[in-house]
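Working notes, beginning with the structure itself.
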Amino acid sequence: MTISKSILLLLLGVVATLFSIVLATPGTATFYTSYVPSACYGSTPQGAIIAAASDPLWAGGKICGKTFNVTCTGPTNPVPHPCTGRSIVVKIVDHCPSCGGTLDLSKEAFSTIANPVAGVIKIDYAQTS
């Protein structure tokens with residue numbers, strides 16, 4: 001009995017997704033709305049699905065250009081059920097030394113995974129390959 005290539009690829013995709021979820025790190029996220037200039041790219045816009053890294057992730061800018069899969073996991077304040085159930089992949093373009101979160105997402109990215117009214121949310125994040 002042979003397994004078709006498409007079924008095998010589907011199974012590999014599911015396993016890879018589950019593996020990345022297991023390796024996710026908990027943190028918090030806030031959002032910002034002014035994207036240029038950025039610490040990584042100066043005045044060159046990098047789109048709207050971006051993020052800034054807090055001091056613990058910044059590593060002197062070595063994180064610039066890296067991408068992270070981010071998922072909302074719950075509220076940090078009284079806003080009930082802020083999560084949309086979706087995840088998003090963001091590119092690190094800036095440094096956020098005092099944003100109050102692990103990642104400071106663009107408002108567009110934050111809005112994809114959570115209600116912006118929440119302001120700050122709990123997240124799981126993992127670097128993508």
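The values are calculated or read from the model by the stated rules, or taken from the named source; none is laboratory data. Since the structure is predicted, the reported quantities are computational estimates derived from the model, not experimental observations. Neighbour counts are summed over all protein chains in view; Cβ atoms, including those assigned to glycine, are modelled from backbone coordinates with ideal geometry. Heads up: the accessible areas ignore ligands, DNA and RNA and are worked out on the full protein's heavy atoms, side chains in. Shrake-Rupley method; radii C 1.70, N 1.55, O 1.52, S 1.80 Å.
Solvent-accessible surface (1.4 Å probe) assigned to Lys66 amounts to roughly 80 Å².
With protein chains left intact and a 1.4 Å probe, residues in the stretch 35-129 average 48 Å² of accessible area per residue. Carbon and sulfur together cover what percent of the accessible area of the stretch 36-122 at a 1.4 Å probe radius? The value for the stretch 36-122 is 56 percent carbon and sulfur by accessible area. The Gln127 and Ala39 beta-carbon pair, evaluated with R₀ = 25 Å, returns a calculated FRET efficiency of approximately 0.85. Going through the stretch 61-129, which chymotrypsin sites (Phe, Trp or Tyr not before Pro) have at most 15 other Cβ atoms within 10 Å and a DSSP loop state? The qualifying sites: there are none.
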